[in-house]
């Protein structure tokens, strides 16, 4: 065993997977790490990069699985010899996995490079603040003070170590579950509070980064492309499933349109569900899956590929309100991660998940110097999906969405907050012209009219083609409307609970008649579900 850092306290043998703790000049074996879950991460041991002018190398890895929703407090029985394993967190209730890569800097400092909704966060361990809140008191969506700053609680999860690899700054917890809480603030920081060591709760603070920003070298070749040798068959119809992205957790079958959960890995029973709604007999996405287009989404122009597509609708507060619907295209770029292209009644926009959390005061919000005003607040559900997704897609996924619009010179700016019982995700972006979308993705001239939203009434010289396009669009919309029930506040109560703020707000809106939403669509995308790590 060779240690790259004199400060490293533990390592996992690459030959026999023994987990070793260094005690002076001696090594003590404390257990055996399980095999790594093959998630095809582009990172690997030995990859290197720079951060703020200081070089680092990835020397270790911790792989975790998390579950969403309530969990039993008792920990499962440990595997033989204290081995971590897929039983439990990586079993049938697995919500997903994440990696934490131990980055050893040339100056001797350690950090953690980990995933964050398709992007990355680099974080440094720090002493637990004296004013840190108790983990048991934290709930997603609440605001707390820690380290003298205000933080929004983004997620509260139960996690379990699946496997460890390489050199680590401390001995890994090989068995049992622990709590992980993500907190985000208006400075773009993300903090993590955990009780993996009950006697010494962990605290780390980091910021969002991209692999390009870190000038990473030594990555796995073509790990983001087709995963060769990953043979999967649809559990519903038996057709071959072609997985194209390394981070895919769910995908739809191109033959029967069933949604298949592949987060358990090859060899596991593949959970799936059949889709039976408007999408199955409706129109295909107007931007074909797999097509690439060059767009500047908050940065330099990059080539983005459409890898996923979902149709969503709001849940009206009452029977006298209209149902609105919209479509979201999941875009992928190797160095930048993921973004969402949103097609609503009011036009096109793009958003990307945020690492931090905007400052909110009443119906106003502020993010990176831009002022926003709230426009919509509503419950939403997903009715149809196609393609691949970096989160574990669930049937009839629901969230409470709050949309904001930029003010003044930032009128094209968009901000969206989505909340589920376990997580809050913020996304930010801007509006796009339909012509930009059509040009970027090389939409055929005959199909461009169907991309226009919120257009002026048809003129008398519009011609038969425009009328046919409008009729077809209306037919598809009517089919989608059928799928979105008018459940009112009952839907919100079922999703968030009778005591939730969302349910109480819904009741208040129904009683006052204020805030009724009659059109438009979400400005936001969807979250991965789970910790940034």
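Brief remarks follow.
- Averaged over residues, the count of other Cβ atoms within 10 Å places the peptides 420-428, 159-167, 129-137 in the sequence 159-167, 420-428, 129-137, highest first.
- Counted by neighbouring Cβ atoms within 10 Å, the residues 237, 313 run from fewest to most as 237, 313.
- Note on 207, 352: ascending count of other Cβ atoms within 10 Å places them as 207, 352, the fewest first.
- Stretched out straight at 0.36 nm per residue, the stretch from residue 240 to residue 284 would grow longer than its current Cα-Cα span by 13.8 nm.
- Spatial separation of Cα centroids for the range 376-419 and the range 315-362, in angstrom: 4
- Chain lengthening between residue 130 and residue 292 when straightened (0.36 nm per residue, less Cα-Cα): 53.4 nm
- Taking 0.36 nm per residue of sequence separation and removing the Cα-Cα distance, the residue 13/residue 396 pair yields an extension gain of 133.5 nm.
- When the Cα gyration tensor is reduced to axis lengths a ≥ b ≥ c, the ratio a/c is 1.5 or higher for the range 327-378, and with a/b not above b/c it is classed as oblate.
- With each label modelled as a point 7 angstrom along the Cα→C-beta vector, the residue 197-residue 335 pair spans 3.8 nm.
- Shape of the range 348-421, Cα gyration tensor, a/c cut at 1.5: prolate
- Tensor-based shape of the range 292-366 (alpha-carbon gyration tensor, a/c under 1.5 rounded, otherwise prolate or oblate): oblate
- Listed by Cβ neighbour count within 10 Å, with the fewest neighbours leading, 59, 209 appear as 209, 59.
Quick note: the coordinates plus some simple rules give every number you see, no bench work behind them. In this text, all values refer to a predicted model and were calculated from it rather than measured experimentally. Ideal geometry is used to build each Cβ from the backbone, glycine not excepted, and the neighbour counts take in all protein chains shown.
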